[in-house]
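Since the structure comes first, as structure tokens, the remarks are kept for the end.
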Amino acid sequence: MRGPIVLVAALFAATSAVAEFPEREIRGVIQWGAGGSTDTVMRSVTPHAEEVLGASIVMQNVTGGVGAIALNQVAEADPDGYTLLMGAENPTLYKVMGLGERDYSDFVPVVLLARGTPMLVAGADAPFDDYASMVAHIAENPGDVRFGSTGPGGLSSVVLAMIESVEGEMDIIEVPYDGDGPALTALQGGAIDVMPAVVGAAIEGIRAGTMKPITVMDEAPHYALPDVQPVTAAQAAYDPMLPWGPFFGVFAPAGTPDDVVATLSEAYRQAAEQDDFRALMEDRGFTLMNVSGQEAQDYLDSYQQNTVWLIQDAGLAKRSPEEFGIPRPGE
């Protein structure tokens with residue numbers, strides 16, 4: 001009888017250990033500095049997750065390496081659910097951009113909270129009003145239209161790579177800026193003609209009439225700009241690439257027990273449904289996702305696959321996606 005009794009005791013102890021998670025405070029590592037979008041999103045949603053869990057989540061901003069330092073810290077932590085990465089989309093590009101040897105394949109998604117929707121905005125006096133007329137104007141005026149850029153691998157470069165994958169190489173001038181804020185200021189001042197940006201960054205300028213929307217890079221109109229046609233209305237070729245855009249998520253190191261991930265996912269699922277968090281997302285122009293499990297993993301895989309190959313084909317990648325077993329979309 002000793003064997004069965006020991007076995008039952010062991011199973012009870014294991015079950016109790018899982019049921020008691022979390023037994024101590026959790027560390028949440030934010031990839032970016034205080035006050036940024038990722039920091040704001042995580043500090044808004046996490047207090048609600050703490051209420052569900054009945055435990056504290058102590059958040060720490062760890063900057064550097066375009067977020068890679070924070071990612072490496074969490075990847076090397078014990079996979080027990082007590083160290084979480086609060087990140088954005090950048091790690092999907094680390095390998096091909098030569099920024100590190102790790103990406104989200106070293107993690108399990110706890111939750112993908114929300115995504116931004118990219119769009120094209122133009123100066124208020126631009127001689128085009130929509131995507132088709134913009135493309136036509138560029139073709140008729142080679143080397144004349146100035147696009148703002150935030151550098152290789154940034155949102156603007158990926159959106160431009162998307163456009164050229166559909167329209168072919170465009171004869172435009174790329175003007176670099178240190179962030180979309182300065183670029184949008186330059187757009188309103190007439191220093192550039194077009195800027196790829198997220199809806200949340202451009203919406204106030206659009207409302208003020210200092211810039212005008214050309215298209216949203218999505219499958220459907222955006223709730224904040226219902227009269228602006230999505231890019232798929234002009235070019236169905238964009239369908240396989242969309243939805244696409246910067247996102248925010250919580251991640252645990254690979255190997256974290258399924259029950260622990262499930263507990264964390266449920267806590268953040270409930271947290272993301274709270275009115276103040278939903279209001280923040282709406283105010284910032286983000287689309288609430290609130291997905292976990294296989295749905296979150298499928299989104300990550302699709303996002304990475306589309307983005308790294310766009311970057312590769314645009315000549316911006318340091319290493320080919322093939323080196324990392326990332327197949328070209330459709331293969």
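The values are calculated or read from the model by the stated rules, or taken from the named source; none is laboratory data. Only a predicted model underlies this, so the values are computations on that prediction, with no experimental measurement involved. Methodologically, a virtual Cβ is constructed for each residue, glycine included, from the backbone with ideal geometry; neighbour enumeration extends over all protein chains shown. With ligands, DNA and RNA removed, areas are computed over all heavy atoms of the protein, side chains included. Shrake-Rupley method; radii C 1.70, N 1.55, O 1.52, S 1.80 Å.
Listed values, structure above:
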read-out: Residues located in segment 48-72, provided they are in a strand (DSSP E or B), under 19 Å from PRO22 (Cα atoms) and of a type in the set (S, T, N, Q); value: GLN60
read-out: Inter-residue pairs, beta-carbon under 6 Å, first under 18 Å from VAL58 (Cβ atoms) and in segment 250-269, second open to solvent by less than 10 Å² (accessible area, probe 1.4 Å) and among the hydroxyl-bearing types (Ser, Thr, Tyr), 6+ apart; value: VAL250/TYR268
read-out: Evaluation of ALA272 against (1) open to solvent by less than 70 Å² (accessible area, probe 1.4 Å); (2) closer than 24 Å to ASP103 by Cα; (3) within 18 Å of the chain's Cα centre (by Cα) (one fails), failing number; value: (2)
read-out: Selection within segment 21-43 - touching a residue at least 24 places away in the same chain (Cβ under 8 Å), surrounded by fewer than 19 Cβ atoms within 10 Å (Cβ to Cβ) and farther than 20 Å from THR256 by Cα; value: GLY33, ALA34, SER37, THR40
read-out: Segment 227-258: number of residues that are assigned to a loop (DSSP other than H, G, I, E, B) and open to solvent by less than 50 Å² (accessible area, probe 1.4 Å); value: 7
read-out: Selection count, segment 167-223, where residues are among the hydrophobic types (A, V, I, L, M, F, W, C), part of a helix (DSSP H, G or I) and surrounded by 15 or more Cβ atoms within 10 Å (Cβ to Cβ); value: 9
read-out: Selection from segment 284-331 of residues that are closer than 30 Å to THR46 by Cβ, open to solvent by 60 Å² or more (accessible area, probe 1.4 Å) and out of contact with any helix residue (DSSP H, G or I) (no Cβ under 8 Å at 6 or more places or on another chain); value: GLN294, GLU295, ASP298, ASP301
read-out: Filter result for ARG27 (over 23 Å from SER105 (Cα atoms), at pLDDT 90 or above and basic (Lys, Arg)); value: no
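Residue by residue, here is whether (1) among the hydroxyl-bearing types (Ser, Thr, Tyr); (2) on the phi < 0 side of the Ramachandran plot holds:
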| site | (1), (2) |
| --- | --- |
| ALA201 | no, yes |
| THR210 | yes, yes |
| ALA237 | no, yes |
| GLY245 | no, no |
